[in-house]
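What follows is one structure encoded as structure tokens, with my remarks underneath.
The values are calculated or read from the model by the stated rules, or taken from the named source; none is laboratory data. Keep in mind it's a predicted model, so treat the numbers as computed, not measured. Please note: Cβ atoms are built from the backbone with ideal geometry, for glycine as well, and neighbour counts cover all protein chains shown. Remember, those area values only see protein heavy atoms, side chains included, never the ligands or the DNA or RNA. Shrake-Rupley method; radii C 1.70, N 1.55, O 1.52, S 1.80 Å.
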Amino acid sequence: MSSGQLQTRALHLDALQRTLAGTPLQAWGADLPRQIDAKLEIGHGDLQRWYAAVQALPDLAVEQQDLVDHLRLDGPCDETTRATLKSALQGLIPWRKGPFDLFGVHVDTEWRSDWKWQRVAAHLDLRGKRVLDVGCGNGYYLWRMLGAGAGSVVGVDPNWLFLNQFLAVKRYLPDLPAWHLPLALEELPPKLEGFDTVFSMGVLYHRRSPVDHLLDLKDCLLKGGELVLETLVVEGDVQQVLVPEDRYAQMRNVWFLPSVPALELWLRRAGFIDVRCVDVSVTSIEEQRSTEWMRFQSLPEFLDPNDHSRTVEGLPAPMRAVLVARKP
């Protein structure tokens with residue numbers, strides 16, 4: 001990998017452009033280098049430090065990979081090289097989504113995202129699909145989507161640390177059709193209408209206008225395309241929506257937590273059909289917790305210590321639903 005600052009070519013946009021050629025996304029792909037260059041001009045104060053950690057990763061050959069049941073890469077790696085690998089990966093702390101097993105280094109992330117993926121993937125057929133993951137974090141799910149047979153996957157998330165965590169894995173899987181773009185959903189062109197499947201997981205409750213978010217997601221889909229929506233919910237009937245007065249589980253930017261029936265109604269009002277809830281699960285302190293790779297407070301500190309069914313603010317503890325819907 002070239003030395004110096006993060007540059008557009010490190011995002012493998014040329015390969016993405018080739019993948020999008022002849023699709024409804026071709027024009028968007030052609031404009032991406034200009035858009036990414038503009039974002040890099042703004043950058044972030046820690047961007048050079050994070051990218052230096054990516055560049056410090058040792059050269060290793062992947063001889064075995066598992067993206068189906070885990071995210072595991074294996075190949076020859078002696079102890080000295082493994083120590084170099086671990087040190088470089090630790091330069092990208094905190095790691096929130098995962099876990100990753102890279103040449104004998106276990107990155108024990110805050111979230112057991114593999115558990116969520118098992119709940120979601122059982123209800124999907126991604127074989128050959130062109131997929132967009134909105135708010136993709138460090139791209140953990142992008143690799144799992146490829147493991148589930150997706151033809152190509154694009155993630156968008158404006159967080160520069162998450163981009164560099166993705167690039168750390170991409171360094172060892174450069175030819176796989178996965179791309180992470182440091183963009184927000186609002187920075188995509190209107191009416192893209194180019195993806196077979198669009199994911200929005202853990203995003204909706206951060207939106208001040210959740211129905212607008214659903215409409216924006218629909219605009220990214222081809223006709224007949226599928227939305228996979230995962231978000232915080234509460235118990236209740238079709239009119240039940242929780243609006244936190246201030247924080248929710250210590251998070252400031254949580255706006256709307258609907259019941260599942262209310263969320264189904266929002267999706268129908270946004271124009272989706274075949275709306276169905278495929279999973280509801282309470283988040284456990286085993287699924288989200290602090291680790292040596294994410295040392296800040298996590299779910300155990302966000303719940304009432306005497307009653308884990310409530311948050312520290314006295315609100316219902318985190319419960320998440322997965323809904324699937326189709327664009328007509």
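Roughly how many whole Å is it from the C-alpha centroid of segment 82-108 to that of segment 26-81?
13 Å
Based on DSSP, what percent of beta bridges with both residues in the chain are antiparallel, to the nearest 5?
Values: 29 of 51 bridges.
Percent antiparallel among DSSP bridges in the chain is about 55.
Please build a GNM for the chain, connecting alpha carbons under 10 Å apart, and tell me which residue among Asp66, Asp196, Asp216 fluctuates the most.
So, out of Asp66, Asp196, Asp216, the one fluctuating most is Asp66.
Quick check: net charge around Arg276, other residues with Cβ under 15 Å of its Cβ, Lys/Arg +1 and Asp/Glu -1? Numbers along the way, then the final one.
Values: positive: Arg119, Arg268, Arg326, Lys327; negative: Asp125, Glu226, Glu230, Glu264, Asp274, Asp279.
Summing Lys/Arg as +1 and Asp/Glu as -1 gives -2.
Working out 0.36 nm times the residue gap between Thr8 and Thr23, then minus their Cα-Cα distance, what length gain in nm do you get to one decimal?
Going from the current span to full extension adds 3.2 nm.
222 nm [θ] for the chain, helices only, -39500 (n - 2.57) per DSSP H run of 4+, per residue, to 500?
Values: 10 runs with 99 residues, N = 328.
Taking each H run of at least 4 residues, the total per residue is -9000 deg cm²/dmol.
Please work out the ratio of the alpha-carbon Rg of the chain to 2.2 N^0.38 Å and round it to two decimals. Intermediate values should be presented prior to the final figure.
Numbers: Rg = 19.6 Å, N = 328, 2.2 N^0.38 = 19.9 Å.
Dividing the Cα radius of gyration by 2.2 N^0.38 Å gives 0.99.
For segment 248-328, state what percent of all Cα-Cα pairs lands in each successive 10 Å bin, counting from 0 Å until the bin that includes the largest distance.
Each 10 Å bin holds this share of Cα pairs: 17, 37, 29, 16, 2.
Summing Lys, Arg as +1 and Asp, Glu as -1, what charge do residues with Cβ under 10 Å from the Cβ of Phe199 carry, Phe199 excluded?
So the environment of Phe199 carries a net charge of -3.
With all protein chains present, how much of the accessible area of the chain (probe radius 1.4 Å) comes from carbon and sulfur, to the nearest whole percent?
It is 48 percent, rounded to a whole number.
Over the heavy atoms of Cys277, what accessible area does a 1.4 Å probe trace out, to the nearest 10 Å²?
Here the accessible area works out near 50 Å².
Would you compute the Debye intensity of segment 22-153 from its alpha-carbon atoms alone, equal scatterers and no solvent, and pass along log10 I(q)/I(0) at q = 0.09, 0.16, 0.17, 0.21 Å⁻¹ to two decimals?
Here the Debye-derived log intensity ratios amount to -0.34, -1.04, -1.13, -1.31.
Quick one: Debye curve from the C-alpha atoms of segment 105-252, no solvent, what's log10 I(q)/I(0) at q = 0.17, 0.18, 0.19, 0.22 Å⁻¹?
Reported log10 I(q)/I(0), two decimals: -1.06, -1.18, -1.30, -1.60.
Counting only other residues whose beta carbon sits under 12 Å from that of Gly104, what net charge do I get with K and R as +1, D and E as -1? All intermediate terms of the calculation are to be shown ahead of the outcome.
Working: positive: Arg72, Arg82, Lys86; negative: Asp74, Asp78, Glu79, Asp101.
For residues surrounding Gly104, the net value is -1.
What is the count of Lys pairs in the chain whose alpha carbons sit under 12 Å apart, if the two are 8 or more places apart or on different chains?
5
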